[in-house]
Amino acid sequence: MKKLLGLLVVLALALPASADVLKNVEIKGEIQTIAADVHHNNLDGGLPASNVYNTGVNYRVLAGLTANLVEDVTANVTFQHVDAWDGAAIGDDMNTYQNNIELAEANVVLSNLFDCFELTVGRQFYGEEDSAVMYFGPNHYNVEGMYAPSLDAAKLTYADDVKSFTVIGGKLDLNNVPLLDANTFAGADFRMNLTDAVKLQAYLYDFNDINDGINPVDRYSGFYGAKLSFAPEAFLLSAEYARNFGGHKFLHEGKDTGYMVKVDGAVNIEAVKVRGTFLYENENFWAFGNYTPGLLIGHVFGGDMNDYSVEGVRMFNLGFDVNPFEKWTFSLDGYGFQDRFGRHSATWEGDLTAKYQHNEYVQLFAGVGYAKYGTDEPANAPAGVTYKDHFNKDNYKAQVGMLINF
């Protein structure tokens with residue numbers, strides 16, 4: 001708490017003497033609480049072991065402010081706190097909480113720079129939450145990894161009615177991501193509306209001196225790709241392809257270069273939305289995505305779905321969304337997971353979820369999921385493990401939660 005008070009004092013002293021800036025301050029943030037009961041037969045050394053956020057009641061608070069300092073200059077500051085119910089005992093002093101408060105955002109945004117650019121400098125969130133390749137920010141409806149990662153970077157964006165172009169570069173500190181860290185990074189994202197219904201995206205990101213904890217440090221490591229979307233009224237079809245590169249030469253690709261293919265489709269049929277996804281990744285693909293298919297399998301692996309098997313993953317999803325009542329949305333999803341060659345029988349998962357939009361700021365949600373691993377032993381099962389006693393069991397998950405935005 002002393003550190004927080006000290007920061008506020010410094011901010012107060014740094015503000016213009018006129019203090020007119022205080023007239024344009026908005027409080028922002030969100031509170032997400034999730035209670036989950038999980039029975040998942042994971043083992044250390046094989047599939048990822050369940051972590052502390054699997055079962056119990058956990059919450060994340062994001063709170064901060066946005067201030068228009070002067071014309072075309074905006075400052076953003078956001079703190080986050082993540083914990084479990086009973087994580088801090090009754091009677092603990094404020095230092096117990098202070099030590100678990102992190103700075104999630106601290107940046108300044110310059111708008112209309114040179115009459116056409118927007119520049120964001122400082123700690124910031126980046127990307128789209130459902131991206132399979134690049135996202136740093138808070139996730140939702142997921143009890144795995146509640147902390148919202150962010151980037152210390154400078155981002156420059158140009159946008160008009162037809163196209164947008166973003167370049168970003170900065171520092172990466174991912175000690176909370178096992179076996180993956182880098183010193184600096186740079187990237188670019190280009191988007192264009194080819195027609196009213198057809199959109200194109202292309203991107204490239206390079207992470208200098210990245211180290212995965214196993215291979216030697218590469219001077220260049222990263223990924224590039226493109227996504228094409230066709231979205232006329234009541235219909236969506238998109239295809240995305242991404243590839244890794246790495247080595248002492250820029251865009252160098254080795255013999256076993258990682259790659260990913262993701263295809264999504266959706267169609268609205270009266271009151272029902274039908275969705276489908278196909279995902280294919282080889283065993284060496286890596287990125288910083290946040291695509292988490294399913295309440296069980298996807299939430300365990302998060303954006304690293306290639307970790308499903310030492311040979312990558314091949315996944316099919318079919319889902320339905322219905323809105324039978326005002327404010328209510330029900331979804332039913334089925335998933336099939338295999339290694340990318342289909343060399344073992346599929347792991348199946350079925351989920352039923354519901355969302356209730358109490359108002360524009362508050363949403364309640366709930367879900368139940370059931371999964372059963374294939375009858376063949378996965379390629380990454382640890383040596384000496386009797387598969388039928390551990391992996392080939394029923395796995396289920398039930399969760400309820402509340403999401404408040406302000």
**OP:** Taking Glu283 as meeting all but one of (1) in contact with a strand residue (DSSP E or B) (Cβ under 7 Å, 6 or more places away or on another chain); (2) not in a strand (DSSP E or B), write down the number of the exception.
**Re:** (1)
**OP:** Take the residues in segment 275-287 that are open to solvent by 40 Å² or more (accessible area, probe 1.4 Å) and at pLDDT 95 or above, then tell me which one is farthest from the chain's Cα centre (by Cα).
**Re:** Arg275
Subject >> Complete set of residues in segment 337-356 that are under 22 Å from the mean Cα position of the chain (by Cα) and crowded, with 16+ Cβ neighbours inside 10 Å >> reply: Phe337, Glu349, Gly350, Asp351, Thr353, Lys355
**OP:** Within segment 292-314, identify whether any single residue is closer than 21 Å to Val368 by Cα, open to solvent by 20 Å² or more (accessible area, probe 1.4 Å) and in contact with an Asp or Glu (Cβ under 6 Å, 6 or more places away or on another chain), and answer yes or no.
**Re:** no
**OP:** Go through (1) at pLDDT 95 or above; (2) over 24 Å from Lys355 (Cβ atoms) and name the single condition Gly319 misses.
**Re:** (2)
Subject >> Search result, residues across segment 72-126 that are of a type in the set (D, E, K, R), open to solvent by 70 Å² or more (accessible area, probe 1.4 Å) and either in contact with an Asp or Glu (Cβ under 8 Å, 6 or more places away or on another chain) or at pLDDT 95 or above (or both) >> reply: Glu118, Arg123
**OP:** Would you be able to say whether some residue in segment 257-268 is in a strand (DSSP E or B) and acidic (Asp, Glu)?
**Re:** yes
**OP:** Taking only segment 244-265 into account, find how many residues are touching an Asp or Glu at 6+ places or on another chain (Cβ under 9 Å) and under 30 Å from Gly350 (Cα atoms).
**Re:** 7
Original post:
Can Asn290 be described as under 20 Å from Asn139 (Cβ atoms), of a type in the set (S, T, N, Q), in a loop (DSSP other than H, G, I, E, B) and in contact with a Gly (Cβ under 6 Å, 6 or more places away or on another chain)?
Top reply: yes
Original post:
Can you tell me which residue in segment 288-313 is modelled with the highest pLDDT, limited to those that are of a type in the set (S, T, N, Q) and out of contact with any His (no Cβ under 9 Å at 6 or more places or on another chain)?
Top reply: Asn290
**OP:** Taking Phe245 as the residue in question, decide whether it is part of a strand (DSSP E or B) and more than 19 Å from the chain's Cα centre (by Cα).
**Re:** yes
**OP:** Being touching a residue at least 40 places away in the same chain (Cβ under 8 Å) and polar (S, T, N, Q) is the filter; apply it to segment 55-71 and report the residue that is most open to solvent (accessible area, probe 1.4 Å).
**Re:** Asn68
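The values are calculated or read from the model by the stated rules, or taken from the named source; none is laboratory data. Source: prediction; values computed, not measured. Ideal geometry is used to build each Cβ from the backbone, glycine not excepted, and the neighbour counts take in all protein chains shown. Quick note on the areas: whole protein, heavy atoms, side chains included, nothing else; ligands and nucleic acids left out. Shrake-Rupley method; radii C 1.70, N 1.55, O 1.52, S 1.80 Å.
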